[in-house]
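Notes follow once the structure below has been shown.
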Amino acid sequence: MSAQLLSIDNVTVRFGGLTAIDGVSFNVQAGELLGLIGPNGAGKTTMLRSMTGVVRVAEGGVSLDGESLNGLPVHKRIRRGLSLSQQLVKPLRAMSVLDNVALAAGSTKTASPLRALMNVSREAELAAAREALERVGIAHVADQAPAIQPLGILKRLEMARALALQPRVLLLDEPLAGLNSREARALADTIAEVNRQGVTIVLIEHNLGEVMRICSRLVVLDNGRKIAEGAPRAVMDDPTVRVAYLGGDAISAKAADNRGDHTMEAAHA
């Protein structure tokens, strides 16, 4: 088995009197493509934000390769090796696609004004940006403006910016959202290929058909709690998971399929 890389240990997140994440624990192995799934409001994005430091952990902790990330701000967690591709893509529209990625690639140089002044060459960053764009399949639009790109290209641009940070763990927050079935399948293939190249990935996604197709393991959240973990097929056949997605007291897999629920049918396709 691969070495444990990212560890989530009994993490609890509270917003005032609301417990958004309640004692969740799981590990991510080096080289793994892990799907973090659950119905709407399950706490998936909050869980990702607790990893990156956007939200504060009330209890428990997050560690990367055995080193605690607790108390570290977002930028220091990024330098340790975490990178997040956001669901809502907001590129710098006055810059080219290539320059958007090069800016991410040069994040260590722009960390301080003095360091930025001492590094006037951009060749290394531009080369890294071109490589990232090649990896996600949009090198052909490198010199174009983000403002004229369709959503499918912008999703890949967001992923390229995250890859340009050379992450040890890439966190993807619903990268397939808003895409048609052909675009979603193509981007899922790209995610799987990036994972095969050695990038450890945690994927939040509602498209269960694609999640089942590319992920090696799933963790399921519901109402801020972990309710299942394991191989994709076994997890999606778990009655607790099916109830979380479909509602009711005890819906069997057969009954759920008979009533024509497209979400769960996609997962079993």
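The values are calculated or read from the model by the stated rules, or taken from the named source; none is laboratory data. Note that the structure is predicted; figures quoted are calculated from it, not measured. We place every Cβ from the backbone using ideal geometry, glycine too, and count neighbours over all the protein chains shown.
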Review point. Right, LEU114: at pLDDT below 95, assigned to a helix (DSSP H, G or I) and loosely packed, with under 14 Cβ neighbours inside 10 Å or not?
Key: yes
Exercise for review: Please find, among ALA177, ALA132, ALA142, ALA192, the residue that is in contact (Cβ under 8 Å) with a residue 24 or more places away in the chain, under 22 Å from MET51 (Cβ atoms) and buried (at least 19 other Cβ atoms within 10 Å of the Cβ).
Suggested key: ALA132
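Results for (1) assigned to a helix (DSSP H, G or I); (2) surrounded by fewer than 19 Cβ atoms within 10 Å (Cβ to Cβ); (3) touching a strand residue (DSSP E or B) at 6+ places or on another chain (Cβ under 9 Å), shown as yes or no for each residue.
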{"site": "ASN70", "(1), (2), (3)": "no, yes, yes"}
{"site": "LYS76", "(1), (2), (3)": "yes, yes, no"}
{"site": "SER83", "(1), (2), (3)": "no, no, yes"}
{"site": "PRO91", "(1), (2), (3)": "no, no, no"}
Point to revise | Of residues in the range 22-37 being closer than 16 Å to ILE201 by Cα, over 12 Å from the mean Cα position of the chain (by Cα) and of a type outside the set (Val, Ile, Thr), the one surrounded by the most Cβ atoms within 10 Å (Cβ to Cβ) | key: GLU32
Review point. Quick one: GLN86 ticks every box in (1) assigned by TED's automatic domain parsing to the domain that holds VAL235; (2) of a type in the set (S, T, N, Q); (3) under 19 Å from the mean Cα position of the chain (by Cα) bar one, so which box is it?
Key: (1)
Check your understanding: Regarding ASN40, is this residue under 18 Å from the mean Cα position of the chain (by Cα) and in a loop (DSSP other than H, G, I, E, B)?
Key -> yes
**Study point:** Pairs, first closer than 17 Å to SER7 by Cα in the range 79-93, second not hydrophobic (A, V, I, L, M, F, W, C), C-beta under 7 Å, six or more apart
**Key:** GLY81/PRO167; GLY81/ARG168; LEU82/THR52; LEU82/PRO167; SER83/PRO167; LEU84/THR52; LEU84/ASP173
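Need a quick list: helices (runs of 4 or more DSSP H) entirely within the range 118-226 having at least 1 residues that are of a type in the set (A, V, I, L, M) and farther than 30 Å from ASP65 by Cα. Give the steps one after another, and end with the answer.
Values: elements: 123-135, 151-163, 181-196, 208-214.
In the range 118-226, the matching helices (runs of 4 or more DSSP H) lie at 151-163, 181-196.
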Exercise for review: Assess whether GLY198 counts as being over 21 Å from VAL11 (Cα atoms) and of a type in the set (Gly, Ala, Ser).
Suggested key: yes
